[in-house]
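Shown next, in structure tokens, is the structure this report addresses.
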Amino acid sequence: MTSIGSHDDSPHLPHAHALTWGVAALPHRGPKRELSTERIVEAAIEIADADGLEAVSMGKVAAAVGVAPMSLYRYVTGKDDLLLLMFDAASEVTVPSTGGTWRERVKQWALFVRATYEAHPWLADLPPSSTPTTPNRLALIEAGLVALEDVPAPDRMKLPTLLLLLGYIALYSRASSNADVDDAMLHALPELVTDERFPLLAPAVREGIFAAPEADPGRGFGFGLSRILDGIERWVERNEPDDDFERMPAAIVADKQVREAAKAVADAREQLRRAESKAADAVAKATERLRAVEAKTEAAEAKAAAKADAKATKAKAKRAKRD
């Protein structure tokens, strides 16, 4: 770690963090006097907004600001520094406080944060860490704490709540985009996702669950956000300590016996699905047979009744003739 402060008592921070906090030593002005860290970051964000994060390179940014690539290194030490500066700059959002319930305030906070992710979709490729370290990310947390200020919960529980919401916003932004999905794959999914392999998912895929744009504002992001807030609200009302949570060791998912057991469960489910399908077919065929028998019986009874009516009518006619 290198000291970047201009005074001995300045914080000793990584260069990019020092720039965000305004405690980095500024470079001497070069021939491009209008060049600055802010201009470099602004150009990088413009590239990312237009073509995605993978399009950002020191060479493209240098070309955008009209300097040689090496000139950028007077301001940022490399692409990692640049990405962090972009992340912080694009995270700047002012969330107005409009009163209302804590739930209404948190919803407004989440919508403002989501609008930031929609303006800069690449933000979702840089997921938030458990410890925000730059001013704008911390300001975002501060605004969230203001929204949660009246919630009767310990302060230590409010930060995980905000991290849960930030994670949901970032994940939804990433998961709701088809930018990285080949059109050919989208068209092929209904054929690849078969009823045999994905019995529950296949019908939804055929209906276009992955391809159709979101039309109902009550679905998608709003639905998920509302359910998270429902859970938080229920937790506050319950006012009980959570059950102990045991972290599952990551090695378990690679354990041979666990994987074999999971495969056995999947196979058993497939066999059960086939058995249930066979039972449903048997019930349907039995019902069809019973209905056929009932229809035949009803037809026979109707025929017999008609014959009896005809016989009675004939007998009645004979009596009338005799009389």
Scanning segment 82-123 for residues that are of a type in the set (Gly, Ala, Ser), in contact (Cβ under 8 Å) with a residue 40 or more places away in the chain and open to solvent by 50 Å² or more (accessible area, probe 1.4 Å) gives 97, 119
All positions within segment 147-158 that are part of a helix (DSSP H, G or I) and touching a Phe, Trp or Tyr at 6+ places or on another chain (Cβ under 8 Å): 147
Any residue in segment 308-323 that is open to solvent by less than 90 Å² (accessible area, probe 1.4 Å) sitting within a Cβ distance under 6 Å of a residue that is of a type in the set (D, E, K, R)? List the pairs, counting only those 6 or more apart or interchain. none
Being under 19 Å from residue 134 (Cβ atoms) and either in contact with a Pro (Cβ under 6 Å, 6 or more places away or on another chain) or buried (at least 17 other Cβ atoms within 10 Å of the Cβ) (or both) is the requirement here; does residue 62 meet it? no
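Given the structure, is residue 139 under 23 Å from residue 167 (Cα atoms), in contact (Cβ under 8 Å) with a residue 40 or more places away in the chain and either open to solvent by 20 Å² or more (accessible area, probe 1.4 Å) or not in a loop (DSSP other than H, G, I, E, B) (or both)?
Answer is yes for this residue.
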Quick one: which residue in 273, 289, 269 is of a type in the set (Lys, Arg), open to solvent by 60 Å² or more (accessible area, probe 1.4 Å), part of a helix (DSSP H, G or I) and in contact (Cβ under 8 Å) with a residue 60 or more places away in the chain? 273
Which condition number in (1) within 30 Å of residue 223 (Cα to Cα); (2) not in a helix (DSSP H, G or I) is the one that residue 76 fails? (1)
Residue under question is residue 79, and the condition is that it be under 14 Å from residue 39 (Cα atoms) and without any contact (Cβ under 8 Å) to a residue 60 or more places away in the chain; does it hold? no
With respect to residue 106, is the statement that it is closer than 24 Å to residue 167 by Cα and in contact with a Ser or Thr (Cβ under 6 Å, 6 or more places away or on another chain) true? no
Mind checking whether some residue in segment 190-207 is at pLDDT 85 or above, open to solvent by 40 Å² or more (accessible area, probe 1.4 Å), more than 30 Å from residue 231 (Cβ to Cβ) and within 21 Å of the chain's Cα centre (by Cα)? yes
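The values are calculated or read from the model by the stated rules, or taken from the named source; none is laboratory data. Quick caveat, the model's predicted, so the values are computed rather than measured. Please note: Cβ atoms are built from the backbone with ideal geometry, for glycine as well, and neighbour counts cover all protein chains shown. Keep in mind that these areas ignore ligands, DNA and RNA; they rest on the heavy atoms of the full protein, side chains included. Shrake-Rupley method; radii C 1.70, N 1.55, O 1.52, S 1.80 Å.
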